[in-house]
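**Student:** Quick one: this structure, given as structure tokens, is what I'll be asking you about.
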Amino acid sequence: MKIAVLMLFSLIFAGEVFSFQSTFVPLNESKLWFQGRSNVNEFECLAENYSGEATLPEFNNPSSLLNEVTEILSVQIEIEVDSIECGQRKMNKDLQKALKADTFPEITFVFEQADLISQPQSFDDAFEVRVHGNLTVAGNTRDISFMTNAYYLNDERVRAVGQTTIRMTDFGVEPPTALMGLIRADEELTVHFDLIAIGNN
């Protein structure tokens, strides 16, 4: 459900090669999806509409990309709840109801900080990053952290890949049920993301 998640968060590292206050936008080849289980099966839901914006600081020497980490200025990602597609209309509606989409139409992630776990040896390798931030679901905000692999693709694009598990009940969300409670979703959802973003100066 995050966010997504969700996450342009890891772009902080790859983004160091861009000019002051570049804005990053996810490309169509990006993917953000959720996996969960019920007492009878497993399910997968795709977030079809989401947006993100990352503002990065000035960086003048691309050659030091592998040796330094510059602090990000801001990152925010928003997912439209009614765009989450689970492959069944009834399930989509049950999920939207559980997430209180009428009152809280978006799931939001706001970046706070990131810790560099491992540094790549070349531009083709990934930065391994632990990301920290605030996730808001159904009007409730919680601190979360998760691992992300960030890649520098070229002088305009970056990629963030990762996953995290959240509990719906931590956000005051009752897992959806069907058939008068005979089918009940587990409270845990695993959020996967593979985001490719391009910078606009």
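**Student:** Give me the residue from the stretch 14-26 that is touching a helix residue (DSSP H, G or I) at 6+ places or on another chain (Cβ under 8 Å) and modelled with pLDDT of 55 or more and, out of that set, surrounded by the most Cβ atoms within 10 Å (Cβ to Cβ).
**Tutor:** PHE24
**Student:** When the residues of the stretch 166-201 are narrowed to those that are surrounded by fewer than 13 Cβ atoms within 10 Å (Cβ to Cβ) and at pLDDT 85 or above, which ends up farthest from TYR151 (Cα to Cα)?
**Tutor:** Of all residues in the stretch 166-201, those surrounded by fewer than 13 Cβ atoms within 10 Å (Cβ to Cβ) come to 169, 172, 179-182, 200-201.
Narrowing the set further to residues that are at pLDDT 85 or above leaves 169, 172.
Values: THR169: 33, GLY172: 35 Å.
By that ranking, first place goes to GLY172.
**Student:** Looking at the structure I just gave you, is VAL75 in contact with a Leu (Cβ under 8 Å, 6 or more places away or on another chain), modelled with pLDDT under 80, surrounded by 13 or more Cβ atoms within 10 Å (Cβ to Cβ) and within 26 Å of SER145 (Cα to Cα)?
**Tutor:** On the way: in contact with a Leu (Cβ under 8 Å, 6 or more places away or on another chain): yes; modelled with pLDDT under 80: yes; surrounded by 13 or more Cβ atoms within 10 Å (Cβ to Cβ): yes; within 26 Å of SER145 (Cα to Cα): yes.
Yes: the conditions hold for VAL75.
**Student:** Let me ask something additional. Can you find, within the stretch 114-135, the residue that is modelled with the lowest pLDDT among those that are open to solvent by less than 40 Å² (accessible area, probe 1.4 Å) and among the β-branched types (Val, Ile, Thr)?
**Tutor:** Within the stretch 114-135, the match that is modelled with the lowest pLDDT is VAL129.
**Student:** Restricting to the stretch 93-110, count the residues that are under 19 Å from the mean Cα position of the chain (by Cα) and open to solvent by 30 Å² or more (accessible area, probe 1.4 Å).
**Tutor:** 5
**Student:** Within the stretch 151-161, identify whether any single residue is under 12 Å from the mean Cα position of the chain (by Cα), within 19 Å of ILE198 (Cβ to Cβ) and open to solvent by less than 60 Å² (accessible area, probe 1.4 Å), and answer yes or no.
**Tutor:** yes
**Student:** If you go through the stretch 27-60, how many residues are modelled with pLDDT under 55 and open to solvent by 80 Å² or more (accessible area, probe 1.4 Å)?
**Tutor:** So the answer is 2.
The values are calculated or read from the model by the stated rules, or taken from the named source; none is laboratory data. Model, not experiment: these values are computed from the prediction. In this analysis, Cβ positions are derived from the backbone assuming ideal geometry, glycine residues included, and neighbour counts consider all displayed protein chains. In case anyone asks, the SASA skips ligands and DNA or RNA and just uses the protein heavy atoms, side chains included. Shrake-Rupley method; radii C 1.70, N 1.55, O 1.52, S 1.80 Å.
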